[in-house]
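What follows is a short report on a single structure.
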Amino acid sequence: MKKTFTRLMALLIATTMICGLMAACDGIGQKKVKTFDMFIAMPGTELNDGNKAQEEIAKITGVKVKETWLVSQSAEEAIGVMTASKDFPDFIEASDGYQIMVDAGALIAIDEYWDKYPNIKNYLSEEEWNMCRKADGHIYAIPQFGIVNERDVSPIHGDEAWWIQTRVLKWAGYPKVETIDEFFKLIEDYTAANPKHSDGTNVIPYTILCDDWRYFCLENPPLFLSGSPNDGSVIVDPETRKVVDYNTTPIAKMYFNKLNEVFKKGLIDPEFFSQSYDEYIAKISTGRVLGFVDQFWNWGYTAQDAIKAAGLTDCTYVPLGIVAETGIEEQYHNAPVLDVSGGLSITTGCKDIPGAMKFISDLLTQEVLTLRFWGVKDVDYKVDENGMFYRTPEMRASAIDANYKADNLCPYAYFPQYQGMNLDGKNAWRPDNQPSEFFEDLLPEVKECLAAYGAETYVEMLNPSKPNQPWFPMWSFSNDLTTATPGGLAWATMSEVKHEYLPRVVMADDFDAEWTEYLKIYYERCDIDAFLAEMQAEVDRRIAVAEGK
Amino acid sequence: MTDNHKQNLSDQDERLAEENAAKKTLASIKRRELAYSKSSQKTSSGPNSDKSTALMSRKDKRKLRSERNAEPKVELSRRTMLRQRELILITIPFVLYGILFYYIPLGGWVMAFQKYKPQDGLLGSQWVGLDVFKHLFSEASFRLVFRNTLAMGIINLILSFVFAIGFALLLNEVRLRAPKRFVQTVSYLPHFLSWIIVVGIVRDMLSVEHGIINQILVGIGIFDKPLNFFSKPNLFWWIVGFSNVWKETGWNSIIYLAAITAINPEMYEAAALDGAGRFGKMWHVTLPGIKPTIFILLLINVGNVLNVGFEVQYLLTNGIVKSVSETIDIWVLYWGIGQGDFSLGTAAGIFKSIVSIILIYLANATAKAAGEERLF
């Protein structure tokens, strides 16, 4: 008995080894596909094995990248563990952990290798590359976002806004909603008249995401309510060019007071402060939430698609540019900006740096860009006689189906890419940016809503973007602050205090007492002046750079 | 004849004596045993005659035996080592395991005395003496997490002891074998669930919208509207404490149940003769019977007070309760790993270990002074 077992085991092991050998030899005849691994310090969805577009890209480039994503950790923790163990993937998008990786000497200086790869070297202009350089003069990350080819044609507002379901606006007869008071009045009236969602549960009139760094949904509206563009961490007065802390302005107080007032009326999701990002996305995906503040990229590509896929055609959202009071001009929509606070990096753990560079370079050819963002020709899109890309209704339906996406589409979204127009100058970089596609795909409910406000696209719901100021956006500086400087420490402490006190302020029985308490702790624990001084220095530096000094 | 053989013989004698004793009339045994157990409660165990040895509970006997074993010291000679070579061989992997995973990592402690940078390595980093510790103790947030850790540790310690012992006592009173076993098995199953699942359950149970606890409390009219449990900082420690109770009570009670089965059933009969009811027996027989177990476990757990955990607080927390939910471990993760300040994280870890060692010594000394069972 025992002998039989041993023999069986031996046979099994032998078979496995032979199979392994054969598999290894398999690639020798043809072009062998290299595999790189990549970690992205953001939550995301893993692709399934044998993903069609990924295979097609591998045929052209000879490379396949296995992407893994952040799971229930903060980016800093994940990157911290990685630098402590020195166990790095080949590619990394380190997000908030970028500075940690640079400090740990874990990244390859891109500019030392790029001479053979013009696609990479010419991806940004000389000045733009200079913005990416670290103190030692090297470039450790290639920005992925905000690089626009020709012109920005996006009909979608990808940034922050007050999002509201079209059914709410329709019910009220598409009124003009400009101020925060009007916004909550509308939500309140609608809820009173329509307390139930189509699945029989109660609607959630308003929710706020407070999970980790995404708590900007709670804390940064005062910035927008005062009519400032999204500098992220501070308001920069365009006249005086001085930084202002938006956390303690009268508008901030008014905003939180308003939230407190509507919370007491039961209009805010009672679990807003403890929900995780996943729970939040799940909640919005049900279509129960009437309104919220968020950056579109934070929820749109998942939840909006889920709502559409579920057939809740009157429950998708349109953006509103809400301000504190009439007379303030909103600036929610910005021209695309280059995010130089991080990007795609190659780590010291990569054994084949030329191979990795070549892959990045290959990804920037139009053939591969089309595969990444449009999919496989005649499967995910078709081309008409004029060379314009279009999709059939079935193709459109597949493209929002999560399972289909995991099996068939491979955008390699955290690799460098061109937004705006394709390099052929005909098509947009992505279906949802293609005007013909956008209008074909638009739900009738949304079309009606947009038309009622004299708009054709989501972007037209908001004021057109103004030219970006030379210091814009300041978040690309504050994102990389570390606790090593007094200002960075203050920035981290501010975030801690706000995390703790702002939900309290919203839920307080006595708003004024809680607000006073918040301000007291805020000024006691955070060295605001140190933070503002560092921000001011950066504003001045950027202005100086822009003015060529 | 070697000492061991002698020991074996005397063990056999004991067993014979025990059998003989059993043959004697029950009543006389009971009388004597009662007398013995009463006297032994006063004087603990002194030198006993062979006859009384036969009448001692098994537990005391084992103790006596171990005292005897300790008496003739085994010399560490080459001969003994040769004779016990199998035993020594068996222990080698465990000793190696200990060295590899408990002692070698301690080398990393030098980080706490350096301004450690990963790229410079352990040897290349700049030495700063006790600066890191000074920074640590001046950090208000560290004092806060130390308080949280200690508070949750003590709450967990007390709750887990009370519930595990209480549960073991009650379960022991169940007469029917089948339900007793069933309850025991079911009660320790949660121990095998990962905290992330337990936290999911806890969050669902306490949820405002559909949580069963809120539904019950509102249903029977204790609250007018659902209570938002996670928005109350003063409830957080108790939520953690009771989550722990739910998860670990069954598991912790196993050891007490085992100790209870080791109590001589004759003691109960004797107590019954003296007119003790169920609770009387619990109080006068069962509890004193498992007292040594309780003390040993208490000592071990006091040393673990600061290891109050990481997952449950990490997963249950939110912005509002952060000031009461953060433990030393989370703090170490945030500063050490998250902010890349390895030195500060290590210093906090060292501090935690030292406090744990002090605690366990204090507890042991207290037990020694009180003349109770102790670890060393």
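Just so it is clear, none of the values below were taken in a lab; they were calculated from the coordinates. For clarity, every value in this text was computed on a predicted model and none was experimentally measured. No Cβ is skipped: glycine too gets one built from the backbone with ideal geometry, and neighbour counts run over all protein chains shown.
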Which percent, nearest 5, of DSSP beta bridges in the protein assembly as shown are antiparallel? 55 percent
Mind checking B:228-235 for the average number of partner chain beta-carbons within 10 Å of each residue's beta-carbon? 2
Across peptide A:64-75, what mean number of C-beta atoms from other chains lies inside 10 Å of a residue's C-beta? 1
Which of the three applies to segment B:132-369, rounded, prolate or oblate, going by the alpha-carbon gyration tensor with a ≥ b ≥ c and a/c under 1.5 meaning rounded? oblate
Once Lys and Arg get +1 and Asp and Glu get -1 on their Cβ, which of A:T166, A:A508, A:P393 lies farthest toward the positive end of the dipole of the protein assembly as shown? A:A508
Taking a ≥ b ≥ c as the square roots of the Cα gyration tensor eigenvalues, with a/c under 1.5 meaning rounded and otherwise prolate when a/b beats b/c, else oblate, which class fits segment B:241-281? oblate
Amide H contacts under 5 Å for A:K466, placed H, 5+ residues apart: A:A335
Explain nothing, just the number: relative contact order of chain A, from Cα pairs under 8 Å at least 6 residues apart, as a whole percent. 22 percent
Taking the Cβ-Cβ separation of B:I99 and A:N130 as r and a Förster radius of 56 Å, what is the calculated FRET efficiency to the nearest 0.05? 0.60
Can you give me the C-alpha center-to-center distance between segment A:448-477 and segment A:55-117, rounded to a whole angstrom? 32 Å
Nothing charged except the Cβ atoms of Lys and Arg (+1) and of Asp and Glu (-1): what's the magnitude of the dipole of the protein assembly as shown about its Cα centre? Round to the nearest 20 debye. 6480 debye
Output field shielding_mean for B:330-341 (other chain Cβ, 10 Å radius) holds 6
Counted neighbours (other Cβ, 10 Å), sorted fewest up, put B:V218, A:V71 in the order A:V71, B:V218
For the pairs A:K264/B:K232; A:K134/A:K498; B:K247/B:K291; A:K66/A:K358; A:K34/A:K351, note any where the Cα-Cα span goes beyond 22 Å. A:K134/A:K498; B:K247/B:K291
Counting other Cβ atoms within 10 Å, keep those with at most 11, restrict to DSSP loop, and tell me which trypsin sites (Lys or Arg not before Pro) in segment A:346-443 are left. A:K351
Once label points are set 7 Å from the Cα along Cα→Cβ at both B:F182 and A:V379, what is their separation, rounded to one decimal in nm? 5.5 nm
Can you list the HN-Hα couplings for segment A:432-437, worked out from phi with the Karplus curve (6.51, -1.76, 1.60; θ = phi - 60°), rounded to whole Hz and with x for Gly and Pro? 6, 9, 6, x, 4, 5
What 222 nm value per residue comes from the helices of the protein assembly as shown, counting each DSSP H run with n ≥ 4 as -39,500 (n - 2.57) and dividing by all residues, nearest 500 deg cm²/dmol? -16000 deg cm²/dmol
Could you compute the net charge surrounding B:A367? Neighbours are other residues with a C-beta less than 12 Å from the C-beta of B:A367; K and R count +1, D and E count -1. +1
Taking placed amide H atoms and a strict 5 Å upper bound, the residues 5 or more places from A:I204 or on another chain that come that close are A:V289, A:L290
Quick one: grab the alpha carbon gyration tensor of the protein assembly as shown, order the square roots of its eigenvalues as a ≥ b ≥ c, and give me rounded if a/c is under 1.5, else prolate or oblate depending on whether a/b is larger than b/c. prolate
Rounded to the nearest 0.05, what FRET efficiency do B:E372 and B:A276 give with R0 = 22 Å and r taken as the Cβ-Cβ distance? Could you check? 0.40
